[in-house]
Amino acid sequence: MAEARTVIEANVTDATRLQTLANTMLGLLRHDHSTVQLQPVALQTVVSEAMNLVVAPAQAKSIAIDDTTPPLMVRAHQQRLVQLLTILLDNAIK
């Protein structure tokens with residue numbers, strides 16, 4: 001019975017985390033698109049910024065993050081792209 005309770009609690013925690021992730025990502029998409037200015041952004045810069053934000057939690061769990069981002073330019077809103085990548089990396093670390 002205790003083992004079943006532990007499994008259920010873990011499942012509830014995972015479901016809550018995934019719901020938060022989905023809500024955050026949807027929130028990024030729901031911003032008023034008319035005010036968003038897409039600019040050329042170096043993907044390496046975005047990845048570097050996001051990695052810097054999650055390096056401490058990754059190290060705490062002995063997770064190495066390797067940056068092999070190719071030198072690509074994308075049209076995007078840089079800060080939103082950093083937020084999205086940070087959310088995805090943070091979720092992967094958890």
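The values are calculated or read from the model by the stated rules, or taken from the named source; none is laboratory data. Remember, predicted model here, so these are calculated numbers, not experimental data. With ideal geometry, Cβ positions are generated from the backbone for all residues, glycine too; neighbour counts draw on all protein chains shown.
Some points to look at:
- Number of residues in segment 66-94 that are over 12 Å from the mean Cα position of the chain (by Cα) and surrounded by fewer than 15 Cβ atoms within 10 Å (Cβ to Cβ) equals 11.
Residues checked against (1) charged (D, E, K, R); (2) in contact with a Gly (Cβ under 6 Å, 6 or more places away or on another chain); (3) more than 25 Å from residue 10 (Cα to Cα):
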residue	(1), (2), (3)
49	yes, no, yes
52	no, no, yes
61	yes, no, no
75	yes, no, yes
90	yes, no, no
93	no, no, no
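- Exactly one residue out of 22, 10, 56, 2 is of a type in the set (Gly, Ala, Ser) and modelled with pLDDT of 80 or more: that is 56.
- Count of segment 52-94 residues, restricted to those that are within 25 Å of residue 23 (Cβ to Cβ) and among the charged types (D, E, K, R), is 4.
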